[in-house]
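I have placed the structure first, in the form of structure tokens, so that the comments after it can refer back to it.
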Amino acid sequence: MYRQRVGPRFEHREKASQRIQAAPSLATQFQKLKSLTVGLAYFDHDGVTKNSQVKYEVNIEHAKSVLLFNCPNSECIRGDFDLTKELEEAITKRRKNVTGAISCKGWQSKTVIDSVHCHNVLRYTFDLGY
Ligand SMILES: [Zn+2]
């Protein structure tokens, strides 16, 4: 499959992956955290149509403390979902179960930059053990 190596979409992903690389692991960043299970459900911008759902146990020794997930909209520009702050807040407050939703802040495609937001929705759950 052809992958674009230039342009805003590529630059955005490059920056994101550099940020992830530079981040410490969850175990290093949050020494009290013993386990983390993340549930993700992706919805269209209407918030009703579910596209996919996953749930997985995070290996906190290896996983980075920056929690970024790709937007399922393959045309999305400068979007994606960043749950880094949400996770940090959950751990700081010693929460055991967290549910929430965020919408993609990107643009729907490269032809509508600065006019049409992507607004895909990610609903998430964290199950945390200390
Ligand atoms: Zn998006």
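The values are calculated or read from the model by the stated rules, or taken from the named source; none is laboratory data. As the structure is a computational prediction, the values presented were derived from the model and not from experiment. Backbone-built Cβ (ideal geometry, glycine too); neighbour counts: all protein chains shown.
Quick notes on this structure:
- The residue of segment 25-38 that is nearest to Ser74 (Cα to Cα), among those that are loosely packed, with under 15 Cβ neighbours inside 10 Å and not hydroxyl-bearing (Ser, Thr, Tyr), is Lys34.
- Flag for Glu61 being modelled with pLDDT of 95 or more, in a loop (DSSP other than H, G, I, E, B), more than 16 Å from the ligand (Cβ to nearest atom) and not hydrophobic (A, V, I, L, M, F, W, C): yes
- Scope segment 59-72; condition surrounded by 11 or more Cβ atoms within 10 Å (Cβ to Cβ) and under 28 Å from Glu11 (Cβ atoms); matching residues: Ala63, Lys64, Ser65, Val66, Leu67, Leu68, Phe69, Asn70, Cys71, Pro72
- Check on Leu33, within 14 Å of Asp82 (Cα to Cα) and touching a Phe, Trp or Tyr at 6+ places or on another chain (Cβ under 8 Å): no
- Residue, farthest from the chain's Cα centre (by Cα), within segment 73-91, restricted to residues that are modelled with pLDDT under 95 and surrounded by fewer than 17 Cβ atoms within 10 Å (Cβ to Cβ): Glu75
- Counting the residues of segment 92-118 that are within 16 Å of the ligand (Cβ to nearest atom), assigned to a strand (DSSP E or B) and surrounded by fewer than 16 Cβ atoms within 10 Å (Cβ to Cβ) gives 1.
- Residue that is more than 14 Å from the ligand (Cβ to nearest atom), more than 20 Å from Arg9 (Cβ to Cβ) and under 15 Å from the mean Cα position of the chain (by Cα), where the choices are Tyr56, Tyr130: Tyr56
- Residue list for segment 67-87, filter: touching a residue at least 12 places away in the same chain (Cβ under 8 Å) and either in a strand (DSSP E or B) or closer than 22 Å to Ser35 by Cα (or both): Leu67, Leu68, Phe69, Ile77, Phe81, Asp82, Leu83, Thr84, Glu86, Leu87
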